[in-house]
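Every number here is computed from the coordinates shown, using simple stated rules; none is lab data. All values reported here derive from a predicted model rather than from experimental measurement. Quick reminder, even Gly has a Cβ in these numbers, built from the backbone with ideal geometry, and neighbours come from all protein chains shown.
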């Protein structure tokens, strides 16, 4: 971990390098740890090449200039999303606070930086329509082991509204049967356990894949850790013992979606689609919150993609007596 720490950190204080690596490793969430590592690595490289001899030379204005520069970081000329810039500032504030706490710095130069507000009325991932879901699932009716796994994977994210991170960690010990239906334990953010009974569709998809990939099944490598979803070896046409990760899942999702003409589909699209459909059918936001395992209904509302934009019937309500359309 310490190999990536640039010279400017070592020049700041004897404790700064250790505090930097500890700051990353102490992040509880794997997602936050990965994100903060990428953010801090880019920022420290920028500072190391910026002519400063120490992090103590950085001012609030320098940090603001860095945040403003994020508007132009994308290679296609686009802007970094407000949420990305807000996450960057949050990381830097926490990082400099950690340096102050160990005595490597006397002040936190990011503490007073005012960043962009990352607010939204709707989630970043649009939901698929019912027709699109039907089309996608109909294209996955093959009976090969790879087909069965990918259908079960997408089915779990869709019908159980599961995060991809929870799905990839799923083991066979996290699956039980109750009243003739499978129930899965999803390890969610903050190390929370979330037991979800599978719908009839997801149950059927899951059982078909489990039956085909059980212990001793053909075309499967040993699976000592008991992972449910594993990487596919194209050369040997076998399931390996290595679990999927979110990047491999994303490649699967994009390949399957683009095959039926759906573009821009991400892992989280299926969670958004499942939650949106549930709200559309039941209208019960509190039950949707429990299903999604959100801590607040306000978070669940971001997944409600029903009638979010201005609809034709909205503008048709604006009419005036005596105005004729020829």
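Rank by packing, highest mean first: peptides 298-304, 226-232, with packing defined as the count of other Cβ atoms within 10 Å averaged across residues.
Taking the mean over residues of other Cβ atoms within 10 Å, the ranking is 226-232, 298-304.
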**Complete:** The FRET efficiency for residue 251 and residue 172, from their Cβ-Cβ distance with R0 = 22 Å and rounded to 0.05, is 0.40
**Item:** Two-site FRET efficiency, residue 179 against residue 32, from Cβ-Cβ distance with R₀ of 30 Å, rounded to 0.05
**Value:** 0.20
**Request:** For the range 2-101, report the convex hull volume of the alpha-carbon atoms normalised per residue, in Å³, without decimals.
**Result:** 106
**Item:** Alpha-carbon radius of gyration plus Dmax, which is the widest Cα pair, for the range 156-259 in Å
**Value:** 13.8, 41
